[in-house]
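I have placed the structure first, in the form of structure tokens, so that the comments after it can refer back to it.
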Amino acid sequence: MIVKKLVFSSFRNLQKTDFSPGERFNVFHGNNGQGKTNILEAIYVLGTMKSFRHAKNRDLIRWEEPFSLLKGIIEKDRVTREVTLLIEKEGKKARVDRKSLERLSDFFGCLNVVVFSPEELAMVKGTPELRRRYLDRAVFGAEPDYLSIHHDYTRILKNRNALLKSGKREGLEIWSEKLVETGSRVVMKRLSWIQGIRELLQEFHEGIAGNGSRVDLLYRSQPGGILTDGAGYEEQLRLSLIRMADEEFRRGTTQAGAHRDDLELLLDGRSIKQFASQGEQRSFVLALKMAEIEYLHRLHGNPPVLLLDDMTSELDGHRNRNLLHFLEEKQMQVFITTTTLENLNWGNRENYQIFPVEEGKIIH
């Protein structure tokens, strides 16, 4: 999968851009605040309709402009398609090959994209919310229909919380059952992704660490602890919501469900968050990202496009070399942001194209 051409108009601080990237490594470098990450975000939004920075539509549109327009020419399996996304404050409108879409599923998959940002290093020691964000992004990359399931869950949760805040018990049972049914679908998708990636995670971690240590991912649900196959999850959640109803009305918010679950990261059976060194944490996250890329490659038949946001400054020389060597072997297209070219552990320099970025403009 290759992005052949990108067109941005009125997206954040980016000047109107008509840009043809290289097929391998595209490096955007410049000082902070020039728009480098905005370029990666635009590509990510074009592939997923979502921002990896959790921005609202209005935040993606240049100040005082009515809309933003993103367009990409994407080559996949020797077929070229034109993908266009119009972003307005009220919503997004997508077109593929200049035709409106009857189903969003016709849009997703045109551009498979993965982002690797400092947030993913922070998630190890951060809150469960950061790990859920990573997990949801990864599951969506593998299964585009997950987005609509997650949206349904979020909508139901919002309505149930509104009822709890009102103090009215009438209708709670209905919203609770909707939450159980949709939440179960969210959890099953998450568990399926974890099962699909665990062996790959161990394989890549051994290649990086080389010390025989064991790594793993576990899914911890709010009502029932560690889940492996999801058996009995619906009943556990249903009973938890009944048992916690009085407390939920007192707090005005739902206390159990997929929105409160966590992804546990383990090294030799112990929590990485509590017991691992910083170097061990970074090796784990790097292996996790490699495993995610490999999983998508096997699933879709070609590697995704990778967005590497300032990670060359976050990883030391050894881990940097591991990552860039892996990416060169995958023959995949990569977009990298960096404040300095010194952090790059160059492989074949012919694979790299360098683009300075100044005040929202790509110099090319």
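The values are calculated or read from the model by the stated rules, or taken from the named source; none is laboratory data. Computed from a predicted model, the values in this text were never measured in an experiment. Because the Cβ atoms are built from the backbone with ideal geometry, glycine has one as well, and the counts that use them run over all protein chains shown.
Looking at this structure, is LEU227 among the aliphatic types (A, V, I, L, M), over 18 Å from the mean Cα position of the chain (by Cα) and surrounded by fewer than 18 Cβ atoms within 10 Å (Cβ to Cβ)? Judged against the criteria, LEU227 is not a match. Of the residues in region 57-64, at least one is crowded, with 22+ Cβ neighbours inside 10 Å and of a type in the set (A, V, I, L, M, F, W, C).
Remark: LEU315 falls outside the filter, which requires a residue to be buried (at least 18 other Cβ atoms within 10 Å of the Cβ) and more than 24 Å from SER271 (Cα to Cα). Residues in region 24-72 that are assigned to a loop (DSSP other than H, G, I, E, B) and under 22 Å from the mean Cα position of the chain (by Cα): ARG24, GLY35, MET49, LYS50, SER51, PHE52, ARG53, HIS54, ALA55, LYS56. Has region 131-143 got at least one residue that is within 19 Å of LYS289 (Cα to Cα), among the β-branched types (Val, Ile, Thr), surrounded by 12 or more Cβ atoms within 10 Å (Cβ to Cβ) and touching a helix residue (DSSP H, G or I) at 6+ places or on another chain (Cβ under 9 Å)? Within region 131-143, one or more residues are within 19 Å of LYS289 (Cα to Cα), among the β-branched types (Val, Ile, Thr), surrounded by 12 or more Cβ atoms within 10 Å (Cβ to Cβ) and touching a helix residue (DSSP H, G or I) at 6+ places or on another chain (Cβ under 9 Å). The criterion of being among the aliphatic types (A, V, I, L, M) and surrounded by fewer than 18 Cβ atoms within 10 Å (Cβ to Cβ) holds for LEU86. Of all the numbered requirements in (1) under 17 Å from LEU307 (Cα atoms); (2) part of a loop (DSSP other than H, G, I, E, B), VAL124 misses one, and that requirement is (1). On the stretch given as region 166-205, residues that are within 26 Å of GLU247 (Cβ to Cβ) and either modelled with pLDDT under 95 or not basic (Lys, Arg) (or both) total 20. Scanning region 24-54 for residues that are within 14 Å of ARG137 (Cα to Cα) and touching a residue at least 12 places away in the same chain (Cβ under 8 Å) returns GLU41, TYR44, VAL45, GLY47, THR48, MET49, LYS50, PHE52, ARG53, HIS54. With respect to the conditions (1) crowded, with 20+ Cβ neighbours inside 10 Å; (2) without any contact (Cβ under 8 Å) to a residue 40 or more places away in the chain, GLY183 falls short on a single one, namely (2).
Checking each residue in region 16-46 for being aliphatic (A, V, I, L, M) and closer than 24 Å to ARG349 by Cβ picks out VAL27, ILE39, LEU40, ILE43.
Would you be able to say whether some residue in region 213-227 is in contact (Cβ under 8 Å) with a residue 60 or more places away in the chain and touching a Phe, Trp or Tyr at 6+ places or on another chain (Cβ under 7 Å)? Yes, the conditions are met somewhere in region 213-227. On inspection, ILE208 fails the criterion of being crowded, with 16+ Cβ neighbours inside 10 Å and modelled with pLDDT of 95 or more.
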